[in-house]
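Chemist: Let me begin by handing over the structure; questions about it come next.
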Amino acid sequence: MTDPKPLKSVILCADDFAAHEAASAGIAQLAALGRLSATSVMVLSPRWSQDVARLKDLRGRLDVGLHLDWTSEFALAQGHGLSLGAAMRKSLLGGFEPIAARTVIERQLDAFEAQWQAPPDYVDGHQHVQQFAGIRQALVQALVSRYGANVVKPYVRLSRPPVASADFKSRIIAGMGASALESIAASAHLACARALLGIYDFSGSPARYAQLMAAWLRAAPHNSIIMCHPALSAVSGDAIGVARAQEFAYLNSAAFPEALAQAGVQLVRGGEGRLAR
């Protein structure tokens, strides 16, 4: 009798915790069921200080990270925000000013720690801004300076797909600085989750999302991240509200654990040094 094939470890990360109540509630519900292994927090949202309570009982069972933000309505309200197009142009045409970027990053880390009472397990970025020129350098400097004495520092998401899964949108995202961030992080001895899946156009039916997730699970390398954006229900004014509700419905269904089993995947955390093992 042959030994069973070992399971592949994958981090399933729900982005945009605290974007609104439906997102926070849906993410917390899925995490409590073991359907997620990480969530990224929008600390500039006024909801963060109250919605953090939904995560307290999940401490140690879920990676909780900072969703670094330059492009949301919350960032615009804080005064440093830009539209995604403007932020991309700035990155490509000389980059963000690193000292100013460092100030914004430190402020968001402060806001995270004030409520979570601990460093983030990792840092990624809303619309992948953690990779943008000027921001990526400031981010690595901030993490090393702030957590340099820690045995385990936060890991960093690289928004770069596996080669076989790269489409036009994911190549554009990776081209905004994934390799540059990886190089800077490696020089600073910061761990990186080197592949990201879950990128799509937020359109289509529930059946399409189920098909996409099955493909991502099959293609995901060991210790890579699949991102998702679930919410308990669609919220008026949320451009991807319908997709969020469809994602929640699928991840909350019996079909999702079946897909995990068929792909030979176990959901794991990446924090506490697991990515370095």
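The values are calculated or read from the model by the stated rules, or taken from the named source; none is laboratory data. Fair warning: this is a prediction, and the values are worked out from it, not measured in the lab. Here the Cβ is made from the backbone with ideal geometry for all residues, glycine too, and neighbour counts use every protein chain on show. Each accessible area value is taken on the protein alone, full model and side chains, heavy atoms only, with ligands, DNA and RNA left out. Shrake-Rupley method; radii C 1.70, N 1.55, O 1.52, S 1.80 Å.
Chemist: Among the residues of the stretch 79-120, write down those that are among the polar types (S, T, N, Q) and over 30 Å from ASN150 (Cα atoms).
Modeler: Matches in the stretch 79-120: SER83, SER91.
Chemist: Would you pick out the residues in the stretch 236-258 that are open to solvent by less than 50 Å² (accessible area, probe 1.4 Å) and in a loop (DSSP other than H, G, I, E, B)?
Modeler: Of everything in the stretch 236-258, those that are open to solvent by less than 50 Å² (accessible area, probe 1.4 Å) and in a loop (DSSP other than H, G, I, E, B) turn out to be ASP238, ILE240, SER253.
Chemist: Taking interchain pairs and intrachain pairs at least six residues apart, which have beta carbon atoms under 7 angstrom, with the first residue in the stretch 222-233 and over 11 Å from SER9 (Cβ atoms) and the second open to solvent by 30 Å² or more (accessible area, probe 1.4 Å) and in a loop (DSSP other than H, G, I, E, B)?
Modeler: Cβ pairs passing all conditions: HIS229/ILE240.
Chemist: Next question, about the same structure. Filter the stretch 32-52 down to the residues that are without any contact (Cβ under 8 Å) to a residue 60 or more places away in the chain and closer than 26 Å to LEU217 by Cβ, then identify the one that is most open to solvent (accessible area, probe 1.4 Å).
Modeler: Checking each candidate, the answer is ALA32.
Chemist: Please go through the stretch 209-228 and pick out each residue that is hydroxyl-bearing (Ser, Thr, Tyr) and out of contact with any helix residue (DSSP H, G or I) (no Cβ under 6 Å at 6 or more places or on another chain).
Modeler: If the condition is that a residue be hydroxyl-bearing (Ser, Thr, Tyr) and out of contact with any helix residue (DSSP H, G or I) (no Cβ under 6 Å at 6 or more places or on another chain), then SER224 is the only one that fits.
Chemist: Identify the residue in the stretch 151-170 that is open to solvent by 20 Å² or more (accessible area, probe 1.4 Å) and either of a type in the set (S, T, N, Q) or modelled with pLDDT of 90 or more (or both) and, among all such residues, is farthest from VAL129 (Cα to Cα).
Modeler: SER165
Chemist: If you don't mind, another one. Tell me, please, whether a residue that is in contact (Cβ under 8 Å) with a residue 60 or more places away in the chain, part of a loop (DSSP other than H, G, I, E, B), open to solvent by 10 Å² or more (accessible area, probe 1.4 Å) and closer than 25 Å to ALA86 by Cα can be found in the stretch 132-140.
Modeler: no
Chemist: Within the bounds of the stretch 115-123, is there any residue that is aliphatic (A, V, I, L, M), over 19 Å from ARG194 (Cα atoms) and open to solvent by 50 Å² or more (accessible area, probe 1.4 Å)?
Modeler: No, the stretch 115-123 contains no residue that is aliphatic (A, V, I, L, M), over 19 Å from ARG194 (Cα atoms) and open to solvent by 50 Å² or more (accessible area, probe 1.4 Å).
Chemist: Does LEU82 meet the test of being open to solvent by less than 60 Å² (accessible area, probe 1.4 Å) and under 17 Å from SER40 (Cβ atoms)?
Modeler: Against the criterion (open to solvent by less than 60 Å² (accessible area, probe 1.4 Å) and under 17 Å from SER40 (Cβ atoms)), LEU82 does not qualify.
Chemist: For PRO206, work out the one condition from (1) open to solvent by 40 Å² or more (accessible area, probe 1.4 Å); (2) modelled with pLDDT under 95; (3) within 18 Å of HIS128 (Cβ to Cβ); (4) touching a helix residue (DSSP H, G or I) at 6+ places or on another chain (Cβ under 7 Å) it doesn't fulfil.
Modeler: That leaves (3) as the condition not met.
Chemist: Give all pairs with beta carbons closer than 9 Å in which a residue from the stretch 201-219 that is of a type in the set (S, T, N, Q) meets a residue that is open to solvent by less than 40 Å² (accessible area, probe 1.4 Å); count only pairs at least 6 apart in sequence or on separate chains.
Modeler: Filtered contacts from the stretch 201-219: SER203/ALA243.
Chemist: Let me confirm something: among VAL41, VAL104, which residue is among the β-branched types (Val, Ile, Thr), within 16 Å of CYS13 (Cβ to Cβ), modelled with pLDDT of 95 or more and in contact with a His (Cβ under 8 Å, 6 or more places away or on another chain)?
Modeler: VAL41
Conditions (1) surrounded by fewer than 19 Cβ atoms within 10 Å (Cβ to Cβ); (2) out of contact with any Ser or Thr (no Cβ under 8 Å at 6 or more places or on another chain); (3) without any contact (Cβ under 8 Å) to a residue 24 or more places away in the chain, marked per residue:
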residue: ALA18; (1), (2), (3): no, no, no
residue: SER24; (1), (2), (3): no, yes, no
residue: LEU30; (1), (2), (3): no, yes, no
residue: ARG54; (1), (2), (3): no, no, no
residue: GLU73; (1), (2), (3): yes, yes, yes
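Chemist: Regarding ALA243, is this residue within 19 Å of the chain's Cα centre (by Cα) and free of Cβ contacts under 8 Å to residues at least 60 places away in the same chain?
Modeler: When the stated conditions are applied, ALA243 passes them.
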